[in-house]
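Engineer: Questions regarding the structure given below will be posed in turn.
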Amino acid sequence: MGRRTHVVLAAAAPALLLVLLRLHMAVAADPPFSCGAPSSAAFCDRRLPIEQRAGDLVSKLTLEEKISQLGDESPAVDRLGVPAYKWWSEALHGVANAGRGVHLDGPLRAATSFPQVILTAASFNPHLWYRIGQVRTHARPVLTASLWFIYD
C-alpha cells in the first residue's frame, strides 16, 4: 500500500467509526414496548379477550396516569412500559394541518375537530363514529378549497 492509500484509510476511519457508532445507538435505543418478551402482564396476552386486556391495563394505572391519558399528549408510564405519545394531529375526520387544532387559510378559518379517539370511544356511542365520517365528507372540500394555492 502506498502513502496515498494510508491517508485515505486514515481519513475514512473516523467516518466509518461514527457510522458504526450511530448504527449501534439506533439499535440500542429501541423504543419502549410494554409487551416485550419478559412481560407477564395480562394486558399483553393476545389470547385473552380485548375487554379483559384493556381492563387489566386500566386497573394497573393510577388515577393520575389515567387522567394523563385523556389529552392529546400522554406521558410514558415507565413502570408498565407504556411509551409516551402525541396524537394531536390524528384527524379522524380527515381534516387537519400539522399544528394544534385545525386552522385554515381562506374564507373559513377553522373546522370541526373531535375529541381524541380514547374519549370518543369512551362515549360508547357507535353512531358518533358515523357522524364523524359525515363531517369528514363535508369538511374535506373545505380543506381543499383553503389550500387551493398549493394545488394551483
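The values are calculated or read from the model by the stated rules, or taken from the named source; none is laboratory data. Here the structure is a predicted model, which is why all the values come from computation and not from measurement. Backbone-built Cβ (ideal geometry, glycine too); neighbour counts: all protein chains shown.
Engineer: Within region 56-91, track down each residue that is aliphatic (A, V, I, L, M), exposed (fewer than 13 other Cβ atoms within 10 Å of the Cβ) and part of a helix (DSSP H, G or I). Write out each step before concluding.
Structural biologist: Let us first name the residues in region 56-91 that are aliphatic (A, V, I, L, M), namely 57-58, 61, 63, 67, 70, 76-77, 80, 82, 84, 91.
This time we only want the ones that are exposed (fewer than 13 other Cβ atoms within 10 Å of the Cβ), so: 58, 63, 67, 70.
Result: Val58, Leu63, Ile67.
Engineer: Limited to region 31-55, what total is found for residues that are part of a loop (DSSP other than H, G, I, E, B) and at pLDDT 90 or above?
Structural biologist: 3
Engineer: Further question: Under 8 Å by Cβ, and 6 or more places apart or on different chains, what pairs join a residue from region 41-57 that is farther than 18 Å from Arg79 by Cα with one that is of a type in the set (A, V, I, L, M) and assigned to a helix (DSSP H, G or I)?
Structural biologist: Correct list of pairs: Leu48/Ala42; Gln52/Ala42.
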